[in-house]
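Take a look at the structure below.
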């Protein structure tokens, strides 16, 4: 139970080494991770054909990977986002409420992408 996110992060990162070692002329796939507060399963039309139509998100879901059984690691956004970006429960480094943060020594998903040759950006909060 403690390490539930680690297999997900490993599965997300494992292909990066293959792309990194591959011929430089081969184009790497784009990686877009949307993290949304208070989004329910039926809130986007690609998951439940809800009343709210989300054609752009639907198009991304159709051409990419859709995770349909994810759960947060904390009831607050800060520690939950920290777990997504680090692959480690926030409790492991003392991030249990919206105060504090991730230690600078912790490897993060965007850093692993940069090592694999990606350019990264963060938009939003």
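Odds and ends about this structure:
- Those residues of region 67-82 which are touching a helix residue (DSSP H, G or I) at 6+ places or on another chain (Cβ under 7 Å) and either outside any loop (DSSP other than H, G, I, E, B) or more than 19 Å from residue 47 (Cβ to Cβ) (or both), in sequence order: 73, 74, 79, 82
- When restricted to residues that are part of a loop (DSSP other than H, G, I, E, B) and touching a residue at least 40 places away in the same chain (Cβ under 8 Å), region 91-123 contains 3.
- Residue match in region 40-57 (condition: under 15 Å from the mean Cα position of the chain (by Cα) and under 30 Å from residue 98 (Cβ atoms)): no
None of the figures in this text is laboratory data; all of them are computed from the coordinates on show. Owing to the predicted nature of the structure, the values given are computational and were not obtained by experimental measurement. Virtual Cβ from ideal backbone geometry, glycine too; neighbours counted across all protein chains shown.
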